[in-house]
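The next block holds one structure in the form of structure tokens; read it before the comments.
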Ligand SMILES: Cc1cc2nc3c(=O)[nH]c(=O)nc-3n(C[C@H](O)[C@H](O)[C@H](O)COP(=O)(O)OP(=O)(O)OC[C@H]3O[C@@H](n4cnc5c(N)ncnc54)[C@H](O)[C@@H]3O)c2cc1C
């Protein structure tokens, strides 16, 4: 006698499974390629293909992939807003304990960082002080030029190899599951854009969350994000068609409405963001979470001078980490007020208005 498969899953379990995820998210073009479904699949039959998840074997119908996805409903078993208990809730940028403009005091970090190197500094300090065993970030592929590749970082060198923004999607949540399964890490720092932070919070707080991967994460750093792009179309098609040698790219920037590509000190392209809009992931149009509202600390460059990072500290753990970095002298900072975040609030508000899916943080009270 075979197993009776009901439409809602296996053995009558009321869970949605890969087929639902495929129909509702992947095929509907809502997938942001965060890597959660790929990483948590217990039988490892979900892999990546063309910057999306793809099934390669038999689904056992456990529904784990569907539950961790940032684009499926979030039914918390416990209240995620407890993380932000002592914080003020701003109606556009979410929970706030403090706002700063900050930068690293380490020239080595500043040399490779996107802005003020705050993310790298927080991670290096957290590892070197023993707060975490490793950090999850986005490095660069050794096979394809300037293609992001999620990595598990164990030391300063690893973290510096991740510094700098890649504007194409990096499935960082997949690396989180590798850190737990293959490296047995039990205290982890996680970096990601808003959708990835939501996936992480689902692992920690959802009623069918992948606690095995969520609980070891001690803090999450969220990157401001308007949208991410497809690597193959932006780099291999668009940039190559502009005569750019993508093997020589050392940095990309999105600033002042422009997409800038650099090779060493030379700017090889500076074009309006509108020109590359068509290479953006469709999923980002559904997302209203510009400032990664569920992170412990959120960072971006808007509203700070060049070479500095804007920092929104949201939770107690975020505050402790940021304060310790100041006290140890590895970060320098200037105090900001929420009113100073004019551009951040404007862009976050626009993103929310345009989005067809509310910012997850906005539903927590
Ligand atoms: C896709 C994307 C869009 C962004 N859009 C904006 C924006 O519109 N406005 C704004 O103000 N700021 C934006 N940022 C954030 C900004 O580019 C910087 O990351 C931020 O200011 C921190 O700078 P830093 O020097 O402190 O970071 P660094 O010390 O340079 O560290 C950067 C960290 O980002 C991680 N990272 C890099 N690329 C990715 C990726 N694709 N996915 C996940 N993690 C990644 C790395 O692991 C690294 O740890 C965006 C970042 C990304 C990745």
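The values are calculated or read from the model by the stated rules, or taken from the named source; none is laboratory data. This is a predicted model, so every value here is computed, not measured. Cβ sites come from the backbone with ideal geometry, for glycine too, and all protein chains shown count toward neighbours.
Couple of notes before you dig in:
- Options 132, 197, 136; residue that is under 27 Å from residue 76 (Cβ atoms), more than 12 Å from the ligand (Cβ to nearest atom) and surrounded by 17 or more Cβ atoms within 10 Å (Cβ to Cβ): 132
- Segment 139-150 - residue that is within 12 Å of the ligand (Cβ to nearest atom) and touching a residue at least 60 places away in the same chain (Cβ under 8 Å) and, of those, surrounded by the fewest Cβ atoms within 10 Å (Cβ to Cβ): 147
- Scanning segment 22-50 for residues that are assigned to a helix (DSSP H, G or I) and within 20 Å of the chain's Cα centre (by Cα) yields 25, 26, 36, 37, 38, 39, 40.
- Residue match in segment 223-239 (condition: under 20 Å from residue 160 (Cβ atoms) and assigned to a strand (DSSP E or B)): yes
- Within segment 151-180, the residues that satisfy the criterion of being within 9 Å of the ligand (Cβ to nearest atom), in a strand (DSSP E or B) and either in the same structural domain as residue 45 (by TED's automatic domain parsing) or surrounded by fewer than 24 Cβ atoms within 10 Å (Cβ to Cβ) (or both) are 151, 168.
- Given (1) buried (at least 19 other Cβ atoms within 10 Å of the Cβ); (2) under 30 Å from residue 128 (Cα atoms); (3) over 19 Å from the mean Cα position of the chain (by Cα), index of the condition residue 314 fails: (3)
- Residue check for residue 132: part of a helix (DSSP H, G or I) and either within 25 Å of residue 184 (Cβ to Cβ) or in contact with a strand residue (DSSP E or B) (Cβ under 6 Å, 6 or more places away or on another chain) (or both): no
- Scan segment 135-150 for residues that are in a loop (DSSP other than H, G, I, E, B) and under 19 Å from the mean Cα position of the chain (by Cα) and the total you get is 3.
- All positions within segment 249-285 that are out of contact with any strand residue (DSSP E or B) (no Cβ under 8 Å at 6 or more places or on another chain) and in a loop (DSSP other than H, G, I, E, B): 256, 264, 265
- If the condition is being over 11 Å from the mean Cα position of the chain (by Cα) and either within 12 Å of the ligand (Cβ to nearest atom) or at pLDDT below 95 (or both), then segment 212-226 contributes only 226.
- Across segment 99-119, a minimum of one residue is classified as within 13 Å of the ligand (Cβ to nearest atom), on the phi > 0 side of the Ramachandran plot, within 18 Å of the chain's Cα centre (by Cα) and at pLDDT 95 or above.
- In segment 319-359, the qualifying residues are those that are closer than 15 Å to residue 194 by Cβ and crowded, with 23+ Cβ neighbours inside 10 Å, and the one that is modelled with the lowest pLDDT is 359.
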